[in-house]
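All remarks here apply to the structure that follows.
The values are calculated or read from the model by the stated rules, or taken from the named source; none is laboratory data. Being a predicted model, the structure only gives us computed values, none of them experimental. All Cβ positions, glycine included, derive from the backbone under ideal geometry; neighbour counts span all protein chains shown.
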């Protein structure tokens, strides 16, 4: 697809120019602006398995390290509250936030005490879709998002997920058991794996329709530089030439059961809530190592070092170590991208917020989309996307997140050798834990400790 290839090259060039950060020396983020709405994002960078395609900030789980981290995270939330921020929505991502459930619940409960939280979303993995977890999470959260990636056993083995998270059929049963427990149950899947066939993808879509979830998010595989080596060595080299065809299969197979709610999210017809925080909230505050904040046209990045993060919080500072202030034109592009990702661009809101029409602010971008048949309905007030337009947004968001991963690479460059090697799962034993994650006996002891620590103490508060 010529238009997709052109977009890829242009956005790669723009990302390299726009997403260069500089050190941030202030002790706190800029404070809130009167009349602005913000979402709160909390990052939990611990996983029991480090997936080869993931370039988020994540470390091998160990209970002692995670407990210290959650203590610092809650202290940072208090700092954010002291600045005068308030939030109605909390999204907890990772990593695997449910890796230490008791600490997660205590953090959600504190957020309810500090802020006007009305909805909470949390990510998890299939092995945590169990009654004991649901009993603690259901009173506290509204949306549970499960990282499945694929129901195909061969792909799960390639991703090193099969032995930890189970077979596709087992995962399917766990999701069905959770259907109806939460206001919204989202399943994350990835398409365009190098060894994935069209038949395998159609089978994934069939299981998605039958699993009982009421929202699905279908990401294209993103071969960002940070994970290129491990990705190529596990699942293979990505062929973007197949991506459009796979996207069309996803759209066609889900049609009639799910409606598109963003370029790559789908909600079961007449069921569930849509939860994409970058759609509902243009500005958000991030807490935790590796979290991002977007405030007043600026991107703020918290240190990827757990040691530096804990030290910063102990000294009464947030963990923000780098930032990038975007010029006006880049803010235009960000609004254009994020609103069209949500399938519609509000022209009136654009003019109200920026004092200029989107046609005048971004003439090249608007004409490119028109010429390529991306717009279905265009009025003086708004524009909507065709299916081809949705795919172009998938390609644009893929390149946008690859660009964001360049920012993550800059943050990783400041890590010590030991922390950087742990980040990608091929380093020495977990620092200071005495537990080698490559020693089967030590891993068994590590898993036993994990199970002993996941549940909150009896009598813990249910937040909502």
TODO: Answer yes if at least one residue in the range 83-100 is within 20 Å of the chain's Cα centre (by Cα), surrounded by fewer than 21 Cβ atoms within 10 Å (Cβ to Cβ) and modelled with pLDDT of 95 or more, and no otherwise.
DONE: yes
Open item on the list: Could you tell me how many of the residues in the range 66-107 are over 14 Å from residue 286 (Cα atoms) and touching a strand residue (DSSP E or B) at 6+ places or on another chain (Cβ under 6 Å)?
Closed with: 6
TODO: For the range 71-83, indicate whether the set of residues that are within 30 Å of residue 158 (Cα to Cα) and either in a helix (DSSP H, G or I) or touching a residue at least 12 places away in the same chain (Cβ under 8 Å) (or both) is non-empty.
DONE: no
TODO: Go through the range 180-200 residue by residue and tally those that are in a loop (DSSP other than H, G, I, E, B), in contact with a strand residue (DSSP E or B) (Cβ under 7 Å, 6 or more places away or on another chain) and at negative phi.
DONE: 2
TODO: Of the conditions (1) crowded, with 20+ Cβ neighbours inside 10 Å; (2) over 30 Å from residue 27 (Cβ atoms); (3) modelled with pLDDT of 95 or more, residue 394 clears all except one; give me its number.
DONE: (3)
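This table checks each residue for (1) in contact with a strand residue (DSSP E or B) (Cβ under 6 Å, 6 or more places away or on another chain); (2) loosely packed, with under 14 Cβ neighbours inside 10 Å; (3) under 30 Å from residue 291 (Cβ atoms); (4) modelled with pLDDT under 95.
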site: 313; (1), (2), (3), (4): no, no, yes, no
site: 317; (1), (2), (3), (4): no, no, yes, no
site: 327; (1), (2), (3), (4): no, yes, yes, yes
site: 333; (1), (2), (3), (4): no, no, yes, yes
site: 338; (1), (2), (3), (4): no, no, yes, yes
site: 342; (1), (2), (3), (4): no, no, yes, yes
site: 346; (1), (2), (3), (4): yes, no, yes, no
site: 355; (1), (2), (3), (4): no, yes, no, no
site: 362; (1), (2), (3), (4): no, no, yes, no
Task: Exclusive hit being in a helix (DSSP H, G or I), surrounded by 21 or more Cβ atoms within 10 Å (Cβ to Cβ) and touching a helix residue (DSSP H, G or I) at 6+ places or on another chain (Cβ under 9 Å), set 204, 177, 169 - done: 204
Task: Criterion violated by residue 376 - all others in (1) at pLDDT below 85; (2) over 22 Å from the mean Cα position of the chain (by Cα); (3) not in a helix (DSSP H, G or I) satisfied - done: (1)
